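In what follows, a single structure is set out as structure tokens and then discussed.
Just so it is clear, none of the values below were taken in a lab; they were calculated from the coordinates. Every value quoted in this text rests on a predicted model; they were computed, and no experiment measured them. Neighbour counts are summed over all protein chains in view; Cβ atoms, including those assigned to glycine, are modelled from backbone coordinates with ideal geometry.
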Amino acid sequence: MFSNNRLTNILIPVISVVLGLLSGAIIMLIFGYNPISGYAALWNGAFGDAYFFGETIVKVTPYILSGLAVAFAFRTGLFNIGVEGQVFVGWLAAVWVGTAMDLPMVIHLPLAILVAALAGGAWGFVPGFLKARFGVHEVIVSIMMNYVALYTCNALIRSVLTDNDDKTEYVNDSASLASTWLSDLTGFSRLHFGFIIAIIGAIIMWFILEKTVKGYELRAVGYNPHASKYAGMNVNRNIILSFIISGGFAGVAGAMEGLGTFQYMSVNNAFTNIGFDGIAVALLGGNAALGTVLAAFLFGTLKVGALNMSSSGVPQELVDIVVALIILFVASGYIIRWALSRFKKEEK
Amino acid sequence: MGIIDVLILIVPSAIFFAAPLIFTALGGVFSERSGVVNIGLEGLMVMGAFVGVVVNLTISAPLNEMGDFWASLTPWISTLVAMIVAAIFSVIHAIASVTFRADQVVSGVAINFLALGIGLFLIEEWYGKGQTDMVNQPFYSVQIPGLYDIPVIGPMFFDGYITSYIAILLAFVVWYVIYKTPFGLRLRSVGEHPMAADTNGINVSKMRYTGVILSGAFAGIGGSVFALTFTQNFSHATIAGQGFMALAAMIFGKWHPLGAMGAALFFGFAQSLSLTGSSIPLLQDIPSVFLMIAPYVLTILALAGFIGRAEAPKAIGTPYIKGSR
């Protein structure tokens with residue numbers, strides 16, 4: 001119906017972001033704030049000095065991976081709203097390996113990350129399997145699995161990893177992603193090597209989906225399960241596989257927090273929102289690897305910068321509204337396409 | 001402790017926990033029966049809770065001066081306003097998913113973010129802090145005169161909140177509306193086969209708007225009732241997953257009002273078990289984590305085993321484009 005070329009696909013998220021930020025400015029005007037100083041405070045809070053920049057990257061790192069997790073499932077036509085729970089189990093698994101073992105770093109660190117990915121993958125297996133085998137809606141099962149993860153992790157921290165404590169030990173140095181060099185470089189922020197792993201994750205996702213036969217199958221199942229079945233693909237197995245890989249990405253996102261940012265895991269009363277924000281990241285990024293990285297960068301910037309907005313008097317929650325509006329605009333891509341096509345016609 | 005005592009402990013709190021879920025799940029039935037996925041129930045509940053608490057805080061003092069009768073009306077008026085505001089707020093979801101043909105799941109996710117953002121922004125703006133004060137006029141439990149005096153059944157069922165009885169009654173009303181009235185037939189037909197409905201002169205968009213707006217109204221009641229009975233204030237954690245639980249209850253109940261009510265009561269029962277379990281002889285030796293995760297695990301098992309494939313309305317999630325096949 002409308003031109004579906006590459007340019008439009010890139011324009012929609014960009015226009016959405018601009019519209020979202022503009023709406024934020026209008027809201028600030030309505031409530032009597034100066035939008036320019038508001039956004040300036042946000043910018044300074046994210047990039048103002050080395051420390052803020054470091055913290056922004058710290059925030060972006062798990063967002064990239066949780067965004068990849070959501071995006072990967074979306075590409076196979078599945079909605080993994082259980083990334084939140086998969087992040088939790090990945091976090092716990094990484095900290096468990098990190099604290100309980102004593103190994104040389106070349107083995108320990110990769111092992112901790114791998115176990116986190118496996119734990120997240122195992123958590124993702126459940127909704128995938130139930131969807132493939134019994135046709136149970138994956139959204140409901142993954143929502144339930146989030147709560148199971150939250151309470152189980154808390155119980156394990158209290159009763160197994162510690163003796164009734166609210167917080168685990170710090171992970172051993174040999175399993176830590178932290179670096180004094182990076183920290184010194186960025187004014188003693190919590191910046192760690194995780195961002196490299198996140199970028200590698202994005203490359204892996206791009207490679208699997210675009211360059212392997214399996215990735216082609218996964219995408220085909222996402223486009224049209226009936227045609228894929230007719231072409232001889234095992235749709236059910238691909239559904240399960242997609243959920244496992246998606247959960248794996250989420251597990252690694254948890255490992256970034258457990259081995260990098262915090263180096264421990266504490267008892268959580270509520271969700272961390274890394275997984276739920278991952279949904280926003282994936283949607284804005286168009287479920288593609290590069291897009292997800294860019295979207296994670298944008299949302300990480302907004303979230304960290306928001307902490308500084310109160311210096312100009314604007315409540316930091318404004319950023320949540322802006323993020324929500326951006327997603328709403330991206331979702332309403334149809335109307336933007338329509339407007340763009342009208343605009344083009346008038347040019348002719 | 002006999003079985004009767006255990007039931008007297010569990011049943012009232014099960015109904016108590018279930019009420020907000022019933023309201024919200026009934027809203028979900030309206031929206032999804034019309035063919036619009038509503039994962040934004042959580043956000044609509046947040047909006048209801050926010051408005052309910054803010055209105056309650058604002059009007060309780062002036063109403064208090066007007067006398068006891070008016071003071072006791074405070075939570076009801078708050079909930080009514082919450083219902084209206086959440087219904088208006090849900091129009092955003094309707095516009096996005098019906099008129100703009102947005103992905104309905106995505107739009108619902110945006111609703112969830114948006115409601116929480118708006119709520120917390122305005123709380124910060126109006127009260128200068130992250131959460132509100134406690135409300136002065138929450139819902140209070142009542143012992144129904146006469147009925148409460150019946151042995152066993154009385155303390156089990158008639159020592160509770162009026163809102164819970166309204167919720168259960170409403171489930172039957174919604175059942176009647178959806179299955180026994182022309183409006184309900186039209187709503188369902190639009191969700192099953194919009195083209196056929198359109199051919200018969202039913203305005204598909206109008207029906208879907210109605211479905212979504214009704215879901216906003218019901219979820220608004222659910223959120224306000226939840227906030228004014230449980231948390232009694234509004235913060236970022238007031239509504240923490242209740243909307244998703246209501247969504248699960250609706251699917252668990254196979255998109256049927258009475259099924260949704262049953263599922264919500266089941267969730268309420270499981271939740272009350274996890275809280276009262278420590279004082280029940282058989283359960284008190286089980287580590288509390290198993291009771292905590294029981295509602296969720298049971299739901300998964302039930303979905304996989306007992307009720308089998310859930311049959312969603314056929315046209316759910318797909319925008320209706322006139323003239324397309």
* What does the highest-first list of B:139-148, B:225-234 look like by mean Cβ count within 10 Å? -> B:225-234, B:139-148
* **the protein assembly as shown - mean residue ellipticity at 222 nm from DSSP helices (-39,500 (n - 2.57) per run, n ≥ 4, rounded to 500)** => -23500 deg cm²/dmol
* Asked: Using the eigenvalues of the Cα gyration tensor, what equivalent ellipsoid semi-axes result for the protein assembly as shown when each is taken as the square root of five times the eigenvalue, whole Å, largest first?
  -> 37, 31, 28
* Estimated distance in nm for a label pair at residue B:6 and residue B:322, the labels positioned 7 Å out from Cα along Cα-to-Cβ -> 6.1
* Averaged across the residues of A:147-158, what count of C-beta atoms belonging to other chains lies within 10 Å of each residue's C-beta? -> 4
* Which Cα, out of B:232, B:24, B:34, lies furthest along the positive dipole direction of segment B:20-257 (beta carbon charges, K/R +1, D/E -1)? -> B:34
* Residue farthest toward the positive end of the dipole of segment A:63-277, with Cβ of Lys/Arg at +1 and Asp/Glu at -1: which of A:115, A:103, A:265? -> A:115
* Asked: On average, how many beta carbons from a partner chain sit within 10 Å of the beta carbon of a residue in B:117-124?
  -> 6
* To do: Provide the per-residue ³J(HN,Hα) series for segment A:249-259, in order, calculated from phi with Karplus coefficients 6.51, -1.76, 1.60 and θ = phi - 60°, each as a whole number of Hz, with x at glycine and proline positions.
  => 4, 4, x, 5, 4, x, 4, 4, 6, x, 9
* Structure fact -> Going fewest to most other Cβ atoms within 10 Å around each Cβ, B:324, A:174 line up as B:324, A:174
* **Listed residue pairs exceeding 21 Å between alpha carbons, taken from A:131/B:254; A:131/A:214; B:180/B:322; A:167/A:303; B:254/B:314** => B:180/B:322; A:167/A:303
* Asked: Taking chain A as the region of interest, what is the percent of Cα-Cα pairs per 10 angstrom bin, listed from the shortest bin to the one with the maximum distance?
  -> 6, 23, 31, 25, 12, 3, 0, 0
* Asked: What percentages, rounded to whole numbers, describe P(r) for segment B:31-107 computed over all alpha carbon pairs with 10 Å bin width beginning at zero?
  -> 19, 37, 22, 14, 7, 0
* **Peptide A:267-280, shielding by other chains (average Cβ, 10 Å cutoff)** => 2
* Working from the pairwise distances between different alpha carbons, so that the mean of 1/r is found and then inverted, what is segment A:105-148's Kirkwood radius in Å? -> 11.6
* Asked: Which ³J(HN,Hα) values in Hz, rounded to whole numbers, follow from the phi angles of segment A:139-146 under the Karplus curve 6.51 cos²θ - 1.76 cosθ + 1.60, where θ = phi - 60° and Gly and Pro get x?
  -> 5, 5, 4, 5, 4, 4, 5, 4
* Please sort A:256-265, A:163-172 by packing, taking for each peptide the average over its residues of neighbouring beta carbons within 10 angstrom, highest first. => A:256-265, A:163-172
* Projected area of segment A:239-343, taken from the Cα convex hull and averaged over every viewing direction, in nm²? -> 9.9
* Asked: Hey, got the dipole for segment A:63-277? About the Cα centre, +1 on K and R Cβ, -1 on D and E Cβ, debye to the nearest 20?
  -> 980
* Distant alpha-carbon pairs in chain B (separation over 24 angstrom), percent -> 56
* Asked: Which value, in debye to the nearest 20, describes the size of the charge dipole of segment B:91-229 about its Cα centre when Lys and Arg Cβ atoms bear +1, Asp and Glu Cβ atoms bear -1, and nothing else is charged?
  -> 540
